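Peer 1: The structure is given below, and queries will be raised subsequently.
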Amino acid sequence: MPAPHMPIERGPRIGTNLLRQSRTQFKKSRVCLTRSSLIWFLLAQLLAWSTFAAAADTQHEQIVAEKVESLVARMTLTEKIGQLNLISQGEPVEEQLASVRAGRVGAMLNVVDPAIIDRYREAASQSRLKIPLLFGLDAVDVFRIAFPPPIAWAATFRPELAEAASRSVAGETAAIGVNWTFAPMVDISRDPRWGRVVEGAGEDPYLGSVMAAARVRGYLAGGLMPTAKHFVGYGAGESGRDYNGALIPTSDLYDRYLPPFQAAFNAGAQTVMGALNAINGVPATANAFLMYRVLRRDMGFKGFVTSDYNAIGELINHGLAADLAAASRLALKAGIDLDMEGYGYDRHLAAELAASRVTQIQIDHAVARILTVKFNMGLFDEWSRKTAPPEAETRKIARQIARESFVLLKNDNTVLPIATGVKTIALIGDAAKTDFDESWYGPAGLTQPATQTLYDAMKERLAPGQSIVYEPAFADRCGKSLADDAAAVRAAERADVIVLIVTEDCEFSGEGTSRANLDLSTAQQTVLDRLSATGKPLVLVVTAGRPLTLTAAAAKAQAILYAWLPRTEGRAALAEILTGEVNPSGKLPMSLPRSVGQIPISYDVLPTSRPPTESRYTSRYLDENVTPLYPFGFGLSYTTFEYTKLRPQSVVLDLAGSMFIDVDVTNTGSRSGQEVVQLYVRRPVASRSRPIRELKGFQKIALRPGETRTVRFDLHGRALAFHDDEGKRVEEPGPVQIFVGGSSQATLSADLVMK
Ligand code: NOJ
């Protein structure tokens, strides 16, 4: 597994001429800046020099650098600014094609008709310098086959599945001629009020890094250049409100939010998208500190940065710029290379340059960075249409992800799997008969692939003598309003077991879907309460794109299966799990809070001066427990596992070395199952407070009943480093505790010393 912290690499060289030019331009530039922005402007200039002046690391980089330099030297200003311009397909197409032919467009967004893509590509080949276009799309988890969303990929704790899913989505997308995806979203978030947690890997930087790298490998293998987004802190918006500003201490930025980006870069992502929000008061789109010091200097990023959609124009709303010209100037200087659908660079950069408010070198560097990536992607080579991966293979991966992502949160009296002896199953909830896949990012206009409803998938799996009665209970599949809930209760009374499926309101996941309340809807809770009053065993299936607050629900249901958004193959997978054909093995990538008042919530919190006890003057709530309802890493199985014999190789962990940590895991139940074996560390005494637990390794293993397996972790001293208030890495000796188990509440532990 990749280490989140990798050595910083130097940037590519585009030749000495650009370097000379850069120095001259810098001397000539007349800019009007405040004192603090002057400091960052100067640093940005210095870093821009060093990036392009540094010797190329490889022969490939050298060759590309030379090609880029020679191309930039031949470009007119209009052609240069054109490369910085990303536009959506719009009407009239003929006008856009003319702009492409004139070299005024570098990249297209949201073109999903292959014939139209061909026309744009053709237009680019008719432009003077024949610079190919980037065709970007939010190919995240859906192109044709709808996969469960990335939060579910994280719940599998199997990076190879996330990689396979990304490869499939990319393969389907690349087949129409798209070459660039706005994924993976690698934002860490501890706030399920934020609807975009559905697109990421949850709350933990280590899991987030492993998944980020896997997704990047997959998108690349499928034929798309990935974009790590949103740089940085978009998932930390205050109060969970989308686009809201985030306050992130520098140490936390480096420890928590940057590692998944670094992992994405190390795996090959060459593009980054700036966040829409402000971080510590400065919008990412105008944040030279983030884009130069953090991204390019400290993280060694060599690719290009795209703004988010209209983010440059939105600098006006942020209160940073009075007009689009000023916004464009700020963004370019801050290191935003590509203007996504903001038209600021297109309309204003030439005049800004003429007025010496931006420099030629700033423009040239942005162009060079974009061209470098285009060369690296092979866009200048001969193009041929790829074939999409076979549908059967794509479906297989989607099914496997669904199977391994569902998290069994509760299973009192072994209600699940539904025993073959159970005669009648009441299947309640409109969602049981839906075959519609809600996905905000699915390209419109494509035929929906065939998919089974949960009802049909369950019917197929009934044992002899078993029957199923279905009642919708809700007037809509999202459970916003009641239908005939009395009929649902009558069905339940006739049944031996009730399966109630509820969904988070269908439009409640993705961008622009922040929620202040995470309970089930009133209608859903009402049906749940009435069904529970029948006294029959009740299984609650929750499908949602984020953690919900299930305290009231958990009091009524004997079993809870958290199924994220199952999509094309997922309802069949649900039936497999409910009937016991497949044993659940998903684990939570985010804590499930008891109530919204606990948010932000994560397992890796710092210790407090007064850990919570019954006493009043401790760090607790008067009206709520401090622990989550279900913790990070938690998930049950139809079998049970026992952890014994934790054996670190030594008691001393070398700061620059590593050690093996072995543990025995036994399947103590009566059926085969998979377990995610998790390694956590704690530094109880350090120069700053360190989290009470931090995930540092995991392995998902399959065990037959009675089987014992020794699982080995390789713990590196450098993985226990952290950052100070300046963002400097701290590697220091001191005591270390390790914990191994099946969740973040693992109890098997050992003490080490770091030297
Ligand atoms: C806005 C979203 O924040 C971003 O993630 C997405 O890639 C762009 N829109 C383009 O659709």
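Peer 1: What's the total number of residues in the stretch 243-256 that are within 16 Å of the ligand (Cβ to nearest atom) and among the aromatic types (Phe, Trp, Tyr)?
Peer 2: 1
Peer 1: Does the stretch 82-97 hold any residues that are more than 16 Å from the ligand (Cβ to nearest atom) and within 20 Å of residue 349 (Cβ to Cβ), and which are they?
Peer 2: 82, 83, 84, 96
Peer 1: Contact list please: Cβ distance under 6 Å, first residue in the stretch 177-190 and open to solvent by less than 10 Å² (accessible area, probe 1.4 Å) and of a type in the set (Gly, Ala, Ser), second residue away from the ligand (no atom under 14 Å from the Cβ) and at pLDDT below 95, pairs at least six apart or on different chains.
Peer 2: 177/114
Peer 1: Moving on to the next point. Looking at the stretch 332-343 only, could you name the residues that are away from the ligand (no atom under 16 Å from the Cβ) and under 14 Å from residue 308 (Cβ atoms)?
Peer 2: Across the stretch 332-343, the qualifying residue is only 334.
Peer 1: Restrict the check to the stretch 488-500 and report whether at least one residue is within 16 Å of the ligand (Cβ to nearest atom), of a type outside the set (Gly, Ala, Ser), open to solvent by less than 50 Å² (accessible area, probe 1.4 Å) and more than 21 Å from residue 579 (Cα to Cα).
Peer 2: No: zero hits.
Peer 1: Identify all residues within the stretch 159-212 that are part of a helix (DSSP H, G or I), away from the ligand (no atom under 16 Å from the Cβ), among the acidic types (Asp, Glu) and out of contact with any Lys or Arg (no Cβ under 6 Å at 6 or more places or on another chain); write none if there are none.
Peer 2: 160
Peer 1: Out of the helices (runs of 4 or more DSSP H) lying entirely within the stretch 357-460, which hold 1 or more residues that are within 26 Å of the chain's Cα centre (by Cα), among the charged types (D, E, K, R) and surrounded by fewer than 21 Cβ atoms within 10 Å (Cβ to Cβ)?
Peer 2: 391-405
Peer 1: Follow-up question, since we're still on this one. Scan (1) open to solvent by 20 Å² or more (accessible area, probe 1.4 Å); (2) closer than 30 Å to residue 198 by Cβ; (3) of a type in the set (A, V, I, L, M); (4) in contact (Cβ under 8 Å) with a residue 40 or more places away in the chain for the single condition residue 129 breaks and write down its number.
Peer 2: Failed condition: (2).
Peer 1: Would you be able to say whether some residue in the stretch 218-234 is surrounded by fewer than 24 Cβ atoms within 10 Å (Cβ to Cβ) and in a helix (DSSP H, G or I)?
Peer 2: For the stretch 218-234, residues surrounded by fewer than 24 Cβ atoms within 10 Å (Cβ to Cβ) and in a helix (DSSP H, G or I): present.
Peer 1: Right, something else. Would you say residue 276 is open to solvent by less than 20 Å² (accessible area, probe 1.4 Å), within 16 Å of the ligand (Cβ to nearest atom) and within 26 Å of residue 192 (Cα to Cα)?
Peer 2: yes
Peer 1: Also, I was wondering about something else. At least 1 residues that are under 18 Å from residue 363 (Cα atoms), modelled with pLDDT of 95 or more and open to solvent by less than 20 Å² (accessible area, probe 1.4 Å) in each: list the helices (runs of 4 or more DSSP H) lying fully within the stretch 59-124 that qualify.
Peer 2: Those helices (runs of 4 or more DSSP H) span 59-74, 77-83.
Peer 1: Look through 240, 268, 281 and report the one residue that is within 16 Å of the ligand (Cβ to nearest atom) and either buried (at least 24 other Cβ atoms within 10 Å of the Cβ) or in the same structural domain as residue 151 (by TED's automatic domain parsing) (or both).
Peer 2: The unique qualifying residue is 240.
Peer 1: Then there is this: So residue 155 clears everything in (1) among the small types (Gly, Ala, Ser); (2) within 16 Å of the ligand (Cβ to nearest atom); (3) more than 16 Å from residue 223 (Cβ to Cβ) except one condition, right? Which one?
Peer 2: (2)
The values are calculated or read from the model by the stated rules, or taken from the named source; none is laboratory data. All of these numbers come straight from a predicted model, not from anything done at the bench. Cβ sites come from the backbone with ideal geometry, for glycine too, and all protein chains shown count toward neighbours. To get the accessible areas, we keep the full protein, side chains included, count just its heavy atoms, and leave off ligands, DNA and RNA. Shrake-Rupley method; radii C 1.70, N 1.55, O 1.52, S 1.80 Å.
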